[in-house]
Amino acid sequence: MVVKKPEGLVLITPEGLRHDGRRPDELRPIKMEVGIFKNADGSAMVEYGKTRVIAAVYGPREPIQKFPLLPDKATLRVRYHMAPFSTEERKNPAPSRREIELSKVIREALEPIVLTEEYPRTVIDIFLEVIQADGGTRTAAVTAASLALADAGVPMRALVGGVAVGKVDGVLVVDIDETEDMYGEADLPVAAAPDIGLVTLLQLNGVMTREEFSRALDMALTAISKIVEMEKRTLRSGYVEAGGSEL
Amino acid sequence: MSISPFRPPITPLIVKENYLAMLGKGVRPDNRDLKTPRLIEIKTGVVEKAEGSALVKLGDTQVMAGVKIDVGAPFKDTPDQGVLMVHAEFVPLASPLFEPGPPDENAIELARIVDRSLREVNAVDLGSLVIRKGEKVWTLWVDIYVLDHNGNLYDASMLASMAALLDARLPDFEELETGEIVVKRGVRGEPLKITTKVVTVTIAKIGRYLIVDPNLEEESIADVKLVVAVDEKGRIVGMQKSGAGGLTHAEIEAALDLAREASTVYFKALEEAIAGRRG
């Protein structure tokens, strides 16, 4: 899509830096926290720069409203939702077509990770709320979901993390923010579980050559490895704070 | 809220095992090799009252697409562009698994994949759809109608949408002194300005095998699918992993090669369908 860039906005400086001063392969400052809510079985907050997503996991449990459950595994229910105040202009709280699609894409990013076969005839609810949106909300949401599932003690094959790589003024850059997403040429959100070598979310909006795509996917996977290491540290320190012994 | 499908088609394990054995030998039960799409039949101009239309058969899958064109207002942030809207209906007559009701997440995902594939390369030149800048533009409604679901609705829907857009002509119109635009339905004007054709190629992963254009049975045993949008230059213009599984980096790379190769088959089918129809 062609959206005109505002006058004076430089996406890539002559020195090769981005509009916020980052190098192409540099992530935004990332913050992670687990166990932020009392009610939920597991919860987490993830920040990628100004993007902030919170996650809560309930279950495995019996659903409050009865619906057909699976005889051989747990049912995952995922809701990705943006708070009305999370965007520049107020977002209508009713689920948009975008949110419906992203809920599906995120659920399908988690299905291969959660050991659902351990809990037949139950439901695992994963609620994701975007508190502030500044690009990369779906990938931050996957990271938050991974942390909240682990915090809830739901068995998983591996931790999963997400990041979006963009093409901005012809340069591949990692962890794009809203400005880079809006005026860039391509956006490649990726989620993966590096410990088992599996890509579980992959979308491309925009145009890339074959060679660019391979490089972009490499950049994403490198960044995701860092993010998943951060998840592990966050979970470990949360465990120690709660009185567990140092691992 | 997205819920794990609770009524997935159940396929006996023996079918999957049979598939795996055959795929290892490079063939499929319907006699295709792993990288060849099913037979494609495209008919355009199938609905006279639509500004553009097409019926696509991809094997036993049938999808119709209609383009309706109206005068509307542009979006505020793009005053110099027309409007493109893509919607998909999984009509209940098309499958025992479809039920009446508003589009579910699968229909929404499908429509958004087709929409993005067209939009990201400006396949329909939206800049050519301005009647009066900032005030009046043409709005194109692409409506995808799934008629018979026998697998790979993505590629069939993308082909139908593309063929319907290639078939479409702007209606004639008259500008009144009040500035109002009166559309003269039935008087076919100029064809749409198409900058490039786009197709999607869907690759399914069954075990460690990648296959092009899965039929319904193949979809029911597939671990995951990757939909790849390709333009006429062979560029990747969109992608979506769909389904509750994952892919390795190497599998993704291999899928892209398969997609680019198979895209030529789809482009050829589109070429043949519209030959002579656009002046």
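Per-structure values
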item: Evaluation of B:ARG7 against (1) over 25 Å from B:ALA262 (Cα atoms); (2) away from every other protein chain (no Cβ under 14 Å); (3) open to solvent by 50 Å² or more (accessible area, probe 1.4 Å) (one fails), failing number; result: (2)
item: Unmet criterion (only one of (1) surrounded by fewer than 16 Cβ atoms within 10 Å (Cβ to Cβ); (2) in a loop (DSSP other than H, G, I, E, B)) for B:ARG185; result: (2)
item: The stretch B:81-100, subset of a type outside the set (Val, Ile, Thr) and open to solvent by less than 50 Å² (accessible area, probe 1.4 Å), residue nearest to the other protein chains (Cβ to nearest Cβ); result: B:GLN81
item: Criterion (open to solvent by less than 30 Å² (accessible area, probe 1.4 Å), touching a residue at least 12 places away in the same chain (Cβ under 8 Å) and more than 19 Å from A:GLY136 (Cα to Cα)) met by exactly one of A:PRO120, A:PRO112, A:PRO71, A:PRO60; result: A:PRO112
item: From B:THR78, B:THR36, residue being part of a loop (DSSP other than H, G, I, E, B), within 13 Å of another protein chain (Cβ to nearest Cβ) and more than 18 Å from B:TYR145 (Cβ to Cβ); result: B:THR78
item: Every pair of residues 6+ apart whose Cβ atoms lie under 7 Å, when the first sits in the stretch A:172-195 and is more than 11 Å from chain B (Cβ to nearest Cβ) while the second is open to solvent by 10 Å² or more (accessible area, probe 1.4 Å) and part of a strand (DSSP E or B); result: A:ILE176/A:ASP187; A:ASP181/A:ASP187; A:GLY184/A:LYS167
item: Among residues of the stretch B:116-128, those that are open to solvent by 20 Å² or more (accessible area, probe 1.4 Å) and either free of Cβ contacts under 8 Å to residues at least 24 places away in the same chain or closer than 25 Å to B:ILE181 by Cβ (or both), counted; result: 5
item: Within the stretch A:190-216, tally of residues that are assigned to a strand (DSSP E or B) and among the polar types (S, T, N, Q); result: 3
item: Every residue from the stretch B:102-155 that is among the small types (Gly, Ala, Ser) and within 10 Å of chain A (Cβ to nearest Cβ); result: B:ALA107, B:ALA111, B:SER117, B:GLY127
item: Enumeration of residues in the stretch B:222-279 that are open to solvent by less than 30 Å² (accessible area, probe 1.4 Å), facing chain A (nearest Cβ under 7 Å) and in a helix (DSSP H, G or I); result: B:ILE252, B:LEU256
item: Hey, B:LEU192 surrounded by 18 or more Cβ atoms within 10 Å (Cβ to Cβ), farther than 30 Å from B:PRO12 by Cα, more than 14 Å from every other protein chain (Cβ to nearest Cβ) and under 21 Å from the mean Cα position of the chain (by Cα) or not; result: yes
item: Long-range neighbours under 6 Å by Cβ, at least six apart or interchain, first residue more than 7 Å from every other protein chain (Cβ to nearest Cβ) and free of Cβ contacts under 8 Å to residues at least 24 places away in the same chain within the stretch A:198-224, second open to solvent by 10 Å² or more (accessible area, probe 1.4 Å) and not in a helix (DSSP H, G or I); result: none
item: Among the candidates A:SER86, A:SER103, residue that is closer than 13 Å to A:LEU128 by Cβ, small (Gly, Ala, Ser) and assigned to a helix (DSSP H, G or I); result: A:SER103
item: Some residue of the stretch A:71-80 being within 14 Å of another protein chain (Cβ to nearest Cβ), in a loop (DSSP other than H, G, I, E, B) and among the hydroxyl-bearing types (Ser, Thr, Tyr); result: no
item: Sole exception among (1) part of a loop (DSSP other than H, G, I, E, B); (2) within 13 Å of chain A (Cβ to nearest Cβ); (3) modelled with pLDDT of 95 or more for B:PRO214, by number; result: (2)
item: Looking only at the stretch A:125-155, and only at residues there that are in a helix (DSSP H, G or I) and among the polar types (S, T, N, Q), the one that is farthest from the chain's Cα centre (by Cα); result: A:SER146
item: Qualifying positions in the stretch B:201-211 - part of a loop (DSSP other than H, G, I, E, B) and small (Gly, Ala, Ser); result: B:GLY207
item: All strands (runs of 3 or more DSSP E) inside the stretch B:129-176 with 2 or more residues being open to solvent by 10 Å² or more (accessible area, probe 1.4 Å) and farther than 28 Å from B:THR200 by Cβ; result: B:130-132, B:169-175
item: Count of residues meeting criterion [touching a Lys or Arg at 6+ places or on another chain (Cβ under 6 Å) and over 18 Å from A:VAL123 (Cβ atoms)] in the stretch A:98-112; result: 2
item: Single condition A:VAL165 does not satisfy, out of (1) surrounded by 22 or more Cβ atoms within 10 Å (Cβ to Cβ); (2) within 11 Å of chain B (Cβ to nearest Cβ); (3) farther than 24 Å from A:ILE126 by Cα; result: (2)
item: Output for the stretch A:226-239, where each listed residue is open to solvent by less than 50 Å² (accessible area, probe 1.4 Å) and either over 16 Å from the mean Cα position of the chain (by Cα) or not hydrophobic (A, V, I, L, M, F, W, C) (or both); result: A:GLU231, A:LYS232, A:THR234, A:LEU235, A:GLY238
item: Matching residues in the stretch B:13-37 - criterion: being of a type in the set (S, T, N, Q) and surrounded by 12 or more Cβ atoms within 10 Å (Cβ to Cβ); result: B:ASN18, B:THR36
item: Tally, over the stretch A:16-35, of residues that are free of Cβ contacts under 8 Å to residues at least 40 places away in the same chain and open to solvent by less than 30 Å² (accessible area, probe 1.4 Å); result: 0
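Table: residues versus (1) away from every other protein chain (no Cβ under 14 Å); (2) over 21 Å from the mean Cα position of the chain (by Cα); (3) closer than 24 Å to A:ALA216 by Cα.
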position	(1), (2), (3)
A:LYS5	no, yes, yes
A:ILE12	yes, yes, yes
A:HIS19	yes, yes, yes
A:ARG22	yes, no, yes
A:ILE30	yes, no, yes
A:VAL34	yes, no, no
A:LYS38	yes, yes, no
A:GLY42	yes, no, no
A:TYR48	yes, no, yes
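The values are calculated or read from the model by the stated rules, or taken from the named source; none is laboratory data. Since the structure is predicted, the reported quantities are computational estimates derived from the model, not experimental observations. Every residue, glycine as well, gets a Cβ built from its backbone with ideal geometry; the counts of neighbours run over all protein chains shown. Heavy atoms of the whole protein, side chains included, go into the accessibility calculation; ligands, DNA and RNA do not. Shrake-Rupley method; radii C 1.70, N 1.55, O 1.52, S 1.80 Å.
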